[in-house]
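**Q** Dumping the structure here so I can ask a few things about it.
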Amino acid sequence: MARISSAVFSSHIPAVGAAIDLGTTQNDYWAPAFKGFEFSKQWEAENTPDVIILVYNDHASAFDLRVIPTFGIGCSEQFESADEGWGPRPVPPVIGHPDLAWHIAQSVIEDDFDLTICNDFKVDHGLTVPLSLMFGKPQKWPCRVIPFMVNVVQYPPPSGRRCFALGKSLRKAVESFDENLNVQIWGTGGMSHQLQGARAGLINREWDNKFLNLLVKDPEELTKITHTEYIREAGSEGIELVMWLIARAALGAQVNEIHRFYHVPASNCALGHLILEKA
Ligand code: DHB
Ligand code: FE
């Protein structure tokens, strides 16, 4: 049987991807941010799974106002890096796992969640930056990756409560796949940030750290956070954190905290990162 053994949570700041691509990770500004991922890269190298289910959001690269799936899963063989305005990031294509992805779609849809099956699309910084943070710059990604998208760009995004329930359904789906696969679940985006308007640049360290504590110890409590609270406390883009609730619920209740990192400044965003293992 397949099983979810661990979860990785990370911001997906595009400027972090640019620093990796341009080789500026060790300058005065970026070195402290990348220091928090030294342990993570080592841990990931020692714990590389067969498949990552990577929960992320597209930023109008693959989807735009014409079509907005609330939840989507990529079932194709391969996904290329999207051109977000300055050429595609120089990263390897993502190799999917169609058999597991289709199985998840069937299981989760039969469990009453309306997943959109998405096949022909490219993946943007929301997916590729966390991969680069955890794997560096390999010739090819060392495992398969199933893109799992959530709309947090255009209101109304799903509630944290719905995301948490979906995570539980994802766990059931993986555990009913009849192949011996080690699966990691990743939750990406966040933490507090606001990219536009009068409050652009907003960071809320206290709120973010409370979120990290609860994510480890009492994630169900986080399902009570309303959209209004996300916007007020974590800024307009802080809503990306609902994706972390999918990954956390998919891992299961009992966990061990392996690594935690929180860093400001990093572009316009509070950089948050956690690694949890199933207890
Ligand atoms: C930034 C952060 C994001 O999550 C994003 O999607 C785009 C930009 C930023 O920090 O600038
Ligand atoms: Fe984002």
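**Q** Identify, please: which residue in the stretch 231-265 is without any contact (Cβ under 8 Å) to a residue 40 or more places away in the chain and in a helix (DSSP H, G or I) and is, among those, nearest to ligand 1 (Cβ to nearest atom)?
**A** Within the stretch 231-265, the match that is nearest to ligand 1 (Cβ to nearest atom) is ILE231.
**Q** Could I ask something else about it? Need the failing condition index for VAL242 against (1) within 16 Å of ligand 2 (Cβ to nearest atom); (2) open to solvent by 10 Å² or more (accessible area, probe 1.4 Å); (3) at negative phi, just the number.
**A** Failing condition for VAL242: (2).
**Q** Exactly one condition in (1) within 21 Å of ALA101 (Cβ to Cβ); (2) outside any strand (DSSP E or B); (3) in contact with a Gly (Cβ under 6 Å, 6 or more places away or on another chain) is not met by PRO147; state its number.
**A** Tallying (1) within 21 Å of ALA101 (Cβ to Cβ); (2) outside any strand (DSSP E or B); (3) in contact with a Gly (Cβ under 6 Å, 6 or more places away or on another chain), PRO147 fails exactly one: (2).
Yes/no matrix, rows are residues, columns are (1) modelled with pLDDT under 95; (2) among the β-branched types (Val, Ile, Thr); (3) within 16 Å of ligand 1 (Cβ to nearest atom):
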{"site": "ALA7", "(1), (2), (3)": "no, no, no"}
{"site": "GLY17", "(1), (2), (3)": "no, no, yes"}
{"site": "GLN26", "(1), (2), (3)": "no, no, no"}
{"site": "TYR29", "(1), (2), (3)": "no, no, yes"}
{"site": "ALA33", "(1), (2), (3)": "no, no, yes"}
{"site": "PRO49", "(1), (2), (3)": "no, no, no"}
{"site": "PHE79", "(1), (2), (3)": "no, no, no"}
{"site": "ILE104", "(1), (2), (3)": "no, yes, no"}
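**Q** Taking SER132 as meeting all but one of (1) touching a residue at least 40 places away in the same chain (Cβ under 8 Å); (2) away from ligand 2 (no atom under 16 Å from the Cβ), write down the number of the exception.
**A** Here SER132 clears every test but (2).
**Q** Which residue pairs have Cβ atoms closer than 6 Å, lie 6 or more positions apart in sequence or on different chains, and pair a first residue in the stretch 4-33 that is farther than 29 Å from PRO219 by Cα and open to solvent by 10 Å² or more (accessible area, probe 1.4 Å) with a second residue that is of a type in the set (S, T, N, Q) and part of a helix (DSSP H, G or I)?
**A** As it stands, the answer is ILE20/SER132, since those pairs meet every condition given.
**Q** Against the condition aliphatic (A, V, I, L, M), in contact with a Cys (Cβ under 8 Å, 6 or more places away or on another chain), modelled with pLDDT of 95 or more and open to solvent by 20 Å² or more (accessible area, probe 1.4 Å), how does ILE109 come out, does it pass?
**A** No, not satisfied.
**Q** If you take just the helices (runs of 4 or more DSSP H) that sit entirely in the stretch 153-230, which of them hold at least 2 residues that are open to solvent by 30 Å² or more (accessible area, probe 1.4 Å), touching a Gly at 6+ places or on another chain (Cβ under 7 Å) and free of Cβ contacts under 8 Å to residues at least 60 places away in the same chain?
**A** By residue number, no helices (runs of 4 or more DSSP H) qualify.
**Q** Given the condition hydrophobic (A, V, I, L, M, F, W, C), within 15 Å of ligand 2 (Cβ to nearest atom), buried (at least 19 other Cβ atoms within 10 Å of the Cβ) and over 28 Å from ASP178 (Cα atoms), answer yes or no: does some residue in the stretch 62-72 qualify?
**A** yes
**Q** Oh, and also: Select from the stretch 42-61 the residues that are in contact with a helix residue (DSSP H, G or I) (Cβ under 7 Å, 6 or more places away or on another chain) and either open to solvent by 20 Å² or more (accessible area, probe 1.4 Å) or hydroxyl-bearing (Ser, Thr, Tyr) (or both) and write down the one among them that is farthest from ASN182 (Cα to Cα).
**A** HIS59
**Q** Here are ALA234, ALA253: which of them is at pLDDT 95 or above and either open to solvent by less than 30 Å² (accessible area, probe 1.4 Å) or of a type outside the set (A, V, I, L, M) (or both)?
**A** Of ALA234, ALA253, the one residue that is at pLDDT 95 or above and either open to solvent by less than 30 Å² (accessible area, probe 1.4 Å) or of a type outside the set (A, V, I, L, M) (or both) is ALA234.
One line per residue, one yes/no per condition, for (1) away from ligand 2 (no atom under 16 Å from the Cβ); (2) in contact with a Cys (Cβ under 9 Å, 6 or more places away or on another chain); (3) among the hydroxyl-bearing types (Ser, Thr, Tyr):
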{"position": "GLY160", "(1), (2), (3)": "yes, no, no"}
{"position": "PHE164", "(1), (2), (3)": "yes, no, no"}
{"position": "ARG199", "(1), (2), (3)": "yes, no, no"}
{"position": "ARG205", "(1), (2), (3)": "yes, no, no"}
{"position": "ASP208", "(1), (2), (3)": "no, no, no"}
{"position": "VAL216", "(1), (2), (3)": "yes, no, no"}
{"position": "GLU220", "(1), (2), (3)": "yes, no, no"}
{"position": "GLU237", "(1), (2), (3)": "no, yes, no"}
{"position": "ILE258", "(1), (2), (3)": "yes, no, no"}
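**Q** With respect to ILE239, determine if the residue is closer than 26 Å to ASP124 by Cβ, modelled with pLDDT of 95 or more and within 16 Å of the chain's Cα centre (by Cα).
**A** yes
**Q** Please go through the stretch 39-60 and give me each residue that is of a type in the set (Ser, Thr, Tyr) and assigned to a helix (DSSP H, G or I), ordered by number.
**A** If the condition is that a residue be of a type in the set (Ser, Thr, Tyr) and assigned to a helix (DSSP H, G or I), then SER40 is the only one that fits.
The values are calculated or read from the model by the stated rules, or taken from the named source; none is laboratory data. None of these values were measured; they are calculated from a predicted model. No Cβ is skipped: glycine too gets one built from the backbone with ideal geometry, and neighbour counts run over all protein chains shown. What goes into the accessible areas is simple: the full protein's heavy atoms, side chains included, and nothing from ligands, DNA or RNA. Shrake-Rupley method; radii C 1.70, N 1.55, O 1.52, S 1.80 Å.
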